[in-house]
Amino acid sequence: MQELEVYSMIGTEGFTRLVAAFYRQVPEDDLLGPIYPATDLPGAEQRLRDFLIGRFGGPQTYIEQRGHPRLRARHSPFHINQAARDRWMRLMNSAFGEAALPAEAEQVLRKFFDGMSSFMINRVEP
Ligand code: HEM
């Protein structure tokens, strides 16, 4: 399955389900809770959702509204070490459990998140 086919398979609804299940866990998480903007979690949720929808073949709302993703630059203010990356992946893995997406789409997304989350690491010290 090609990355750009994921949106046609799961639609906005699928990405909404996955990202909502991820963000529901953030406030209570001892590592990621303090990193995310507590006053704008709905906005953060929408930005991640729009980014993923555009990245996997859907409408380019994210780029139209925020320009080039420049994800590493946008994450540079946040302390993302291996532990934070692994926790992000753990929350996303349990979000997959809740979202119950088609296996083909889930496989493509898991591979993307695995690589992209490592790419976001910007601190080497523990
Ligand atoms: C590795 C661990 C990660 C941590 C701790 C992290 C943390 C954050 C935080 C705190 C924000 C700001 C929330 C906001 O105001 O939008 C953010 C934004 C964002 N993150 Fe991550 N993130 C991680 C990985 C990723 C990955 C793997 C992706 C892509 C699949 C991603 C995509 C985004 C996007 C699209 C935004 C919004 C950027 C913007 O337009 O301002 N993040 N992230």
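Taken together, the values in this text are just the output of simple stated rules run on the coordinates, not laboratory data. The shown structure was predicted, so the numbers you read here are calculated from the model rather than taken from an experiment. Backbone-built Cβ (ideal geometry, glycine too); neighbour counts: all protein chains shown.
Results, tabulated for the structure shown:
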{"read-out": "Sole exception among (1) in a helix (DSSP H, G or I); (2) touching a residue at least 60 places away in the same chain (Cβ under 8 Å); (3) loosely packed, with under 15 Cβ neighbours inside 10 Å for Met1, by number", "value": "(1)"}
{"read-out": "Count of the stretch 8-20 residues which are of a type in the set (S, T, N, Q) and surrounded by 13 or more Cβ atoms within 10 Å (Cβ to Cβ)", "value": "2"}
{"read-out": "Flag if Ser117 is closer than 17 Å to Leu32 by Cα, within 9 Å of the ligand (Cβ to nearest atom) and either under 13 Å from the mean Cα position of the chain (by Cα) or free of Cβ contacts under 8 Å to residues at least 24 places away in the same chain (or both)", "value": "yes"}
{"read-out": "Qualifying residue in the stretch 99-112 (condition: near the ligand (Cβ under 8 Å from one of its atoms) and either free of Cβ contacts under 8 Å to residues at least 24 places away in the same chain or surrounded by fewer than 16 Cβ atoms within 10 Å (Cβ to Cβ) (or both))", "value": "yes"}
{"read-out": "Residues being over 20 Å from Gln82 (Cα atoms) and surrounded by 15 or more Cβ atoms within 10 Å (Cβ to Cβ) - total across the stretch 21-40", "value": "2"}
{"read-out": "The stretch 59-68 - residue that is out of contact with any Lys or Arg (no Cβ under 8 Å at 6 or more places or on another chain) and surrounded by 14 or more Cβ atoms within 10 Å (Cβ to Cβ) and, of those, farthest from Tyr7 (Cα to Cα)", "value": "Ile63"}
{"read-out": "Residue that is more than 8 Å from the ligand (Cβ to nearest atom), under 21 Å from Glu13 (Cα atoms) and among the small types (Gly, Ala, Ser), where the choices are Ala83, Ala95, Ala44", "value": "Ala95"}
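The rows are residues; the columns are (1) in a helix (DSSP H, G or I); (2) under 15 Å from the mean Cα position of the chain (by Cα).
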| position | (1), (2) |
| --- | --- |
| Phe15 | yes, yes |
| Ile53 | yes, yes |
| Gln65 | yes, no |
| His68 | no, no |
| Ala73 | yes, no |
| Arg85 | yes, yes |
| Trp88 | yes, yes |
| Asn93 | yes, yes |
